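Down below is the structure, laid out as structure tokens.
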């Protein structure tokens, strides 16, 4: 009887360990193995749900090295702080938070993301995968989102009189996004001077965004966070007629940042990237009432108008 009881206790311990939360030190070690450069992770986001069993973990599924970072978000997994509650504001998230940096300096980022073939989209709720924000006072600068239209680039910084502020630029449609690794190269100089500020985005080696202009406001520092951040989830429930939010999973790999392209990648690749131009943008009109993607939500705009 004692032997049987011991086996049962051991089994419970093993099950408990299987669902225990991965330590941040394990996450940081995995990222460091990919030589993260200037992209130094700070911690799990403070608004990650305390109820989530393993929202951020290490996976053997990878495109760079041997491991990647897996994010999982489930219904009701929301967190709160002293002055903010995701739970009360219809949001769920599982993210990593990065060390803050000073603006006015050029920087290059690389991300590999993988959304499974059977990824459960919560569109038309908003889903941020990568976000750059001013720290104090808080303001969103840029978001890479998953929408009805696919992977989109959303510039949040308000420029007076800009008809395309907060526009969603389509980077990769969902039929190509789901089930394959996507490389994102993001080059920017966060600068309040419209002559010096710029942002560029390459997807799988192709230039998709080439913005020149003011890209920063008040604030001495900016931060990076990425993972799965769902907001306005009411839009999903109302349009899809469901009360339970589906499980969402994404993998990040090879996350890295450097001061120059050559240090991030190599001279040959950088020459190929920087020699490209953009002939047109596909603009997506996000509507929280749309159940699916409609043709009328997509339009072609000239790159010169995205300023």
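Within the option set 234, 221, 242, 212, being under 18 Å from residue 146 (Cα atoms) and surrounded by fewer than 18 Cβ atoms within 10 Å (Cβ to Cβ) holds for one residue only, 234. Screening residue 136 against (1) farther than 29 Å from residue 247 by Cα; (2) assigned to a strand (DSSP E or B) leaves a single unmet condition, (2). Scanning the range 189-197 turns up one or more residues that are over 25 Å from residue 47 (Cβ atoms), crowded, with 19+ Cβ neighbours inside 10 Å and free of Cβ contacts under 8 Å to residues at least 60 places away in the same chain.
For the range 151-165, the criterion of being closer than 23 Å to residue 41 by Cα, out of contact with any helix residue (DSSP H, G or I) (no Cβ under 6 Å at 6 or more places or on another chain) and modelled with pLDDT of 95 or more is satisfied by at least one residue.
The values are calculated or read from the model by the stated rules, or taken from the named source; none is laboratory data. As the structure is a prediction and not an experimental result, all values here were calculated from the model. Ideal geometry is used to build each Cβ from the backbone, glycine not excepted, and the neighbour counts take in all protein chains shown.
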